[in-house]
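*Asks:* Pasting a structure below so you can have a look.
Computed from the coordinates by the stated procedures, all read-outs in this text should not be read as laboratory data. Only a predicted model underlies this, so the values are computations on that prediction, with no experimental measurement involved. Cβ placement follows ideal geometry from the backbone for every residue including glycine, while neighbour counts extend to all protein chains displayed.
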């Protein structure tokens with residue numbers, strides 16, 4: 001289910017070109033604070049995937065709510081062993 005969540009997040013991503021040394025910018029609507037940049041679109045996409053993974057695992061570890069992406073809902077246990 002995690003892989004499907006990551007895939008759907010990337011499908012929902014929005015990209016734009018910004019005035020920056022790494023001009024490709026991407027973010028995922030609905031995942032607050034998840035963004036990345038890159039020198040190329042592919043690099044930006046790779047960095048965005050890493051940002052989504054970091055955000056997701058941090059949210060799981062802290063017990064923060066994870067918003068559904070379309071029909072994909074992550075149901076987490078009440079307690080996560082660290």
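*Asks:* Using label points projected 7 Å from each Cα along Cα→Cβ, tell me how many nm separate residue 53 and residue 20, to one decimal.
*Replies:* Label at residue 53, label at residue 20, 2.0 nm between them.
*Asks:* For the chain, what does -39500 (n - 2.57) per DSSP helix run (n ≥ 4), summed and divided by total residues, give at 222 nm, in deg cm²/dmol to the nearest 500? Working shown, then result.
*Replies:* Working: 2 runs with 33 residues, N = 82.
That comes out to -13500 deg cm²/dmol.
*Asks:* What distance in nm separates the simple spin-label points at residue 64 and residue 40, each placed 7 Å from Cα in the Cβ direction?
*Replies:* It works out to 3.1 nm between the two label points.
*Asks:* Just want to confirm a number: the relative contact order over the chain, from Cα pairs under 8 angstrom separated by 6+ residues, in percent.
*Replies:* Numbers: 105 pairs, mean separation 19.2, N = 82.
Contact order relative to length: 23 percent.
*Asks:* Cα atoms only, the chain: Rg and Dmax in Å?
*Replies:* Values for the chain (Cα only, Rg and Dmax): 13.6, 43 Å.
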